[in-house]
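Engineer: Let me give you the structure first, and then I'll get to my questions.
The values are calculated or read from the model by the stated rules, or taken from the named source; none is laboratory data. Just so you know, these numbers come straight off a predicted model, no measurement behind them. Here the Cβ positions follow ideal geometry from the backbone for every residue, glycine too, while neighbour counts run over all protein chains shown.
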Amino acid sequence: MFKALLYIFGLIFTSIGLFFIIIYLNLLTVGYSFWDFVKFISRRIETWLFIIGIACIILSLERRIKNELLLRHNFKLE
C-alpha cells in the first residue's frame, strides 16, 4: 500500500513539475539565454518537485529480495 501511494505522489509531483518547466520555456522566447533559463529554473520549487517525483517513482518501483539465499534459476524438469 505504501509503494502505491509513493508511486501516486511521484506521478503527481512529476506532472506538476514538468507542467511548469514547459510553461517556463516561454522565457526563452522573451530573450533569456539558455544559461539564464537554467539558473532561473533551478531555483524554482516546481523543478525540485519534478526531481522529487522522479525519485519517488524510482523508490516505489524498487524491488527487494526478502530472502537473499533464494536462488532463482530455471531448471528443466525431466
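Engineer: Does Ala4 fit the bill of being touching a Gly at 6+ places or on another chain (Cβ under 9 Å) and either modelled with pLDDT of 85 or more or hydrophobic (A, V, I, L, M, F, W, C) (or both)? Explain how you work it out, then say what you get.
Structural biologist: Numbers: touching a Gly at 6+ places or on another chain (Cβ under 9 Å): no; either modelled with pLDDT of 85 or more or hydrophobic (A, V, I, L, M, F, W, C) (or both): yes.
The answer is no for Ala4.
Table: residues versus (1) touching a Leu at 6+ places or on another chain (Cβ under 6 Å); (2) of a type outside the set (A, V, I, L, M); (3) in contact (Cβ under 8 Å) with a residue 12 or more places away in the chain; (4) more than 27 Å from Tyr7 (Cα to Cα).
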residue: Leu18; (1), (2), (3), (4): no, no, yes, no
residue: Ile22; (1), (2), (3), (4): no, no, no, no
residue: Thr29; (1), (2), (3), (4): no, yes, no, yes
residue: Phe37; (1), (2), (3), (4): yes, yes, yes, yes
residue: Phe40; (1), (2), (3), (4): no, yes, yes, yes
residue: Arg44; (1), (2), (3), (4): no, yes, yes, no
residue: Trp48; (1), (2), (3), (4): no, yes, yes, no
residue: Gly53; (1), (2), (3), (4): no, yes, yes, no
residue: Ile57; (1), (2), (3), (4): no, no, yes, no
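Residue-wise test of (1) within 30 Å of Arg63 (Cα to Cα); (2) more than 14 Å from the chain's Cα centre (by Cα); (3) surrounded by 12 or more Cβ atoms within 10 Å (Cβ to Cβ).
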| site | (1), (2), (3) |
| --- | --- |
| Leu6 | yes, no, yes |
| Ile12 | yes, no, yes |
| Ile16 | yes, no, yes |
| Phe19 | yes, no, yes |
| Ile23 | no, yes, no |
| Asn26 | no, yes, no |
| Ser33 | no, yes, no |
| Phe37 | no, yes, yes |
| Leu49 | yes, no, yes |
